[in-house]
Amino acid sequence: ILNVEQSPQSLHVQEGDSTNFTCSFPSSNFYALHWYRWETAKSPEALFVMTLNGDEKKKGRISATLNTKEGYSYLYIKGSQPEDSATYLCAFRGRGSTLGRLYFGRGTQLTVWP
Amino acid sequence: DGGITQSPKYLFRKEGQNVTLSCEQNLNHDAMYWYRQDPGQGLRLIYYSQIVNDFQKGDIAEGYSVSREKKESFPLTVTSAQKNPTAFYLCASSPGVTASEQYFGPGTRLTVT
């Protein structure tokens, strides 16, 4: 089974703090890297799909970068708000026979205190 | 409204009984997926289907079965052979199998006693 690692496992920050977390994935056979946000009592929602080395995506205060050569992606949240509290999941899609599926990390659980 | 529905939200069964979880989508998506989530674990793939009448095993397929007779439906049966069936089950779909994001249903929490 392919390994996707996320760190830290959990994070507690104060409102207004900026934060970032990491997703590590295999650097070979890369096709795409997905980020999802999963709020309590809701379904996971896609944030970004990243496919190119050096890619940077942004949605409001949230941004993500991608390094496919070394196998990592960072998710940044600027000026965290309580509504950003959620579990953030990354998922790797590889080329070849497993192109049709995602491999998820265990997630980073973010809590933003007012 | 377009989306993915899973029913029921909570399901209770006795050990030794098979149970079928429903997943329906009206997004006209080709691909559908079943995941299981346990405390402290990520989403683990049980089965996926890229097209009607075809499906592939994921990482933890033992004790589960699926069918894909219609594009909009992908039911999951948890059989009595599944040793630890109590978990949260999520269904997802995507337009295709390449870089497409996946859209998730609300999930079913299954408790087997």
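Counting only strands (runs of 3 or more DSSP E) that sit completely within segment A:63-114, those holding 3 or more residues that are within 19 Å of B:Q41 (Cα to Cα) and in contact (Cβ under 8 Å) with a residue 24 or more places away in the chain correspond to A:86-94, A:108-113. Listed conditions (1) outside any loop (DSSP other than H, G, I, E, B); (2) more than 13 Å from chain A (Cβ to nearest Cβ) are all met by B:F88, apart from (2).
If we keep just the residues of segment A:58-109 that are facing chain B (nearest Cβ under 9 Å) and under 12 Å from A:Y36 (Cβ atoms), which is farthest from the chain's Cα centre (by Cα)? Selected residue: A:L102.
Inside segment B:96-113, residues that are assigned to a loop (DSSP other than H, G, I, E, B) and away from chain A (no Cβ under 12 Å) make up a count of 1. Kindly check whether there is at least one residue in segment B:76-85 that is within 14 Å of chain A (Cβ to nearest Cβ) and farther than 23 Å from A:G105 by Cα. No, there is no match, as no residue in segment B:76-85 is within 14 Å of chain A (Cβ to nearest Cβ) and farther than 23 Å from A:G105 by Cα. The numbered conditions (1) under 21 Å from B:L90 (Cα atoms); (2) β-branched (V, I, T); (3) surrounded by 12 or more Cβ atoms within 10 Å (Cβ to Cβ); (4) modelled with pLDDT under 95 are all true for A:T40 except (3).
Listed conditions (1) within 11 Å of chain B (Cβ to nearest Cβ); (2) part of a strand (DSSP E or B) are all met by A:A41, apart from (2).
Filtering segment B:66-76 to residues that are out of contact with any Pro (no Cβ under 9 Å at 6 or more places or on another chain) and not in a loop (DSSP other than H, G, I, E, B) leaves B:K70, B:S73, B:L76. Name the residue that is nearest to the other protein chains (Cβ to nearest Cβ), counting only residues in segment B:46-58 that are surrounded by 15 or more Cβ atoms within 10 Å (Cβ to Cβ) and in a loop (DSSP other than H, G, I, E, B). Going through the qualifying residues, I end up with B:G58. Only a single item in (1) in contact (Cβ under 8 Å) with a residue 40 or more places away in the chain; (2) not in a strand (DSSP E or B) is not met by B:Q82, and it is number (1). From the list A:L52, A:L47, A:L33, the one residue that fits, being within 13 Å of another protein chain (Cβ to nearest Cβ), surrounded by fewer than 15 Cβ atoms within 10 Å (Cβ to Cβ) and in contact (Cβ under 8 Å) with a residue 12 or more places away in the chain, is A:L52.
The values are calculated or read from the model by the stated rules, or taken from the named source; none is laboratory data. Note that this is a predicted model, so its numbers are computed, not measured. Every residue, glycine as well, gets a Cβ built from its backbone with ideal geometry; the counts of neighbours run over all protein chains shown.
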